[in-house]
1. Filter the range 74-113 down to residues that are out of contact with any strand residue (DSSP E or B) (no Cβ under 9 Å at 6 or more places or on another chain), aromatic (Phe, Trp, Tyr) and in contact (Cβ under 8 Å) with a residue 24 or more places away in the chain and give me whichever is surrounded by the fewest Cβ atoms within 10 Å (Cβ to Cβ).
2. Filter the range 120-138 down to the residues that are of a type outside the set (A, V, I, L, M) and either on the phi > 0 side of the Ramachandran plot or assigned to a helix (DSSP H, G or I) (or both) and list them by number.
3. Which of (1) at pLDDT 85 or above; (2) of a type in the set (Val, Ile, Thr); (3) touching a strand residue (DSSP E or B) at 6+ places or on another chain (Cβ under 8 Å); (4) surrounded by fewer than 20 Cβ atoms within 10 Å (Cβ to Cβ) does THR71 not meet, given it meets every other one?
4. Regarding the range 98-115, can at least one residue be identified that is modelled with pLDDT under 95, over 15 Å from the mean Cα position of the chain (by Cα) and assigned to a loop (DSSP other than H, G, I, E, B)?
5. Considering only the range 86-114, state which residues are out of contact with any Phe, Trp or Tyr (no Cβ under 7 Å at 6 or more places or on another chain) and either β-branched (Val, Ile, Thr) or under 17 Å from VAL5 (Cβ atoms) (or both).
6. Among the residues of the range 47-97, how many are assigned to a loop (DSSP other than H, G, I, E, B) and at negative phi?
Amino acid sequence: MRIVVGPVDAESARSWITYARDVLRRAMVAPGSLTDVDDTVLMVFSELLDEWELLAAGDAMPFTWHMDLDTDQLVALAEAFHGLVVELAAAAEARGFALAPPAGQVFYDAVVDAMLAGLLAAGGAAAVLGTRLEATWPGRNQVLATGPAVLHSPPTGR
């Protein structure tokens, strides 16, 4: 299944990526600071940030990214990302801070919406998980979110 994030404003992507890099850097420097996230997951997120950062660099072009995942990969990624965000949201609330920079909200919503749409489209247990995560996902601006990101089947014949 192809998951597509965007198009969204590249500045929103850059803002959220900068924030997320800082969070991951702190987690990697202080192991155990994010108790529910293992090192492999942190590396996967770091690699995604590398890829997204390259795409978001430059002028005001819209940011668009896609990735082909099977259902098991998407479930693992969504569960790990949700767990990370839940932990970060609790820490931010305890300190009286916003979860993430407001300028990155559109990008964050697009990433979350793409994962949720993929889970729902997969059907079965993945769709049940998607419904549960959608109801509990912290920091998701449901007013600004434009709905699920577009899901595509991998291109054929080219």
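The values are calculated or read from the model by the stated rules, or taken from the named source; none is laboratory data. Not measured: the values here are computed from a predicted model. With ideal geometry, Cβ positions are generated from the backbone for all residues, glycine too; neighbour counts draw on all protein chains shown.
1. PHE81
2. Passing the criteria: GLY123, GLY124, GLY130, THR131, ARG132, GLU134, THR136.
3. So THR71 meets the others, but not (3).
4. yes
5. Those that are out of contact with any Phe, Trp or Tyr (no Cβ under 7 Å at 6 or more places or on another chain) and either β-branched (Val, Ile, Thr) or under 17 Å from VAL5 (Cβ atoms) (or both): VAL86, ALA103, GLN105, VAL106, ASP109, ALA110, VAL111, ASP113, ALA114.
6. Count: 7.
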